[in-house]
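Following: one structure in structure tokens, then a few remarks.
Values quoted throughout were computed directly from the atomic coordinates according to the rules given, and no laboratory measurement underlies them. As the structure is a computational prediction, the values presented were derived from the model and not from experiment. Neighbour counts run over all protein chains shown; Cβ positions are idealised from the backbone, glycine included.
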Amino acid sequence: MTVLAVAEHRRGELRDVSLELLTAGRHLADATGGELHAAVVGGDVERYAEQLNREGVDAVHTVEYGEEFNHDVYVQAAEAVVDAVDPTYVLAPNSVNGLDYVPALAERLGWPLVTDAVGLDAGDGLTVTRELYSGKAEAELAVGGERAVVTIRGAEWPAAEGTGDATVESHDLAIDETAVRSTVTRFQKVGAGDVDITDADVLVSVGRGIEEEENLDLVFELADALDATVSASRPIVDNGWLPQDRQVGQS
């Protein structure tokens, strides 16, 4: 059996979740006695392949097409790599991009899809653990069929470490450009004072417990001391104490 982990990059950098994906994939490969293959589409694929060549990775597949994420390109490229590798399981980040193209990939493959996994087990068929009710409960899903596509929640597995000896294979694919219906024209930076909490390494998150808006000053002092970003629950945002871009939840 082979596990294929499809990495993700943004603005010229491999995202941390890609290395966490390798750890989850290696765990699954060990449980099935198989290999772990990584794949990356577009951008500086040679540099990304070097970064993905971690301990436990048997092969890295690259598709050199475009610079940034594109739904139609990723669906075609990932499907082509799946056809070439013939994996049992395909893993991808449970991110904005992952949730964009992975369902379409699963539909084209005709494989079951499970999203937002926080645990994996393949002792007797694939079992995926998901959180319910904001983490208050967990569900274990037994996946029917021999193959599956799974998206992995970030920060649930440690990043893969070490240096591997994976083979690197470049795939020269004929992308059907007539099927590429969108393109990236520009990136819009957030305004001054705004943040992208999904890119923060550490969050200091506040809720009803701060009681008064004035107490936010202490929270920001703590965040500065920890080199962290301030985020908030929905009641704080609904009260207008912090902007919506700082609200935590599904992100």
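Quick notes on this one:
- Axis angle, to the nearest 10 degrees, between helix 16-32 and the longest C-alpha principal axis of the chain: 50 degrees.
- Modelled this way, with points 7 Å down the Cα-to-C-beta line, the labels at D30 and D86 are 2.7 nm from one another.
- Taking a ≥ b ≥ c as the square roots of the eigenvalues of the Cα gyration tensor, region 98-165 is rounded, since a/c falls below 1.5.
- Rounded is the label for region 1-135, because a/c, from the alpha-carbon gyration tensor with a ≥ b ≥ c as root eigenvalues, stays below 1.5.
- When the chain is treated as a Gaussian network with alpha carbon springs shorter than 10 Å, the biggest mean-square fluctuation among L141, L105, L22 belongs to L141.
- Sorting the segments 32-38, 204-210, 229-235 by their residues' average number of neighbouring beta-carbon atoms within 10 angstrom, most packed first, yields 32-38, 229-235, 204-210.
- Computed E for E64/R10 - FRET, C-beta separation, R0 25 angstrom, nearest 0.05: 0.90
- Gyration tensor verdict on the chain (Cα atoms; rounded if a/c is under 1.5, prolate if a/b is larger than b/c, oblate otherwise): prolate
- In plain terms, the chain from D217 to V180 could stretch by 8.5 nm, reckoned as 0.36 nm per residue minus the Cα-Cα distance.
- Folded to 0 to 90 degrees: helix 71-85 orientation relative to the chain principal axis, Cα: 40
- Degrees between helix 216-226 axis and first principal axis of the chain (Cα, 0 to 90, nearest 10): 50
- Chain lengthening between D238 and D124 when straightened (0.36 nm per residue, less Cα-Cα): 36.4 nm
- The listed peptides 45-51, 2-8, 238-244, 122-128, ordered by packing as a protection proxy, come out as 2-8, 45-51, 122-128, 238-244 (highest mean of other Cβ atoms within 10 Å first).
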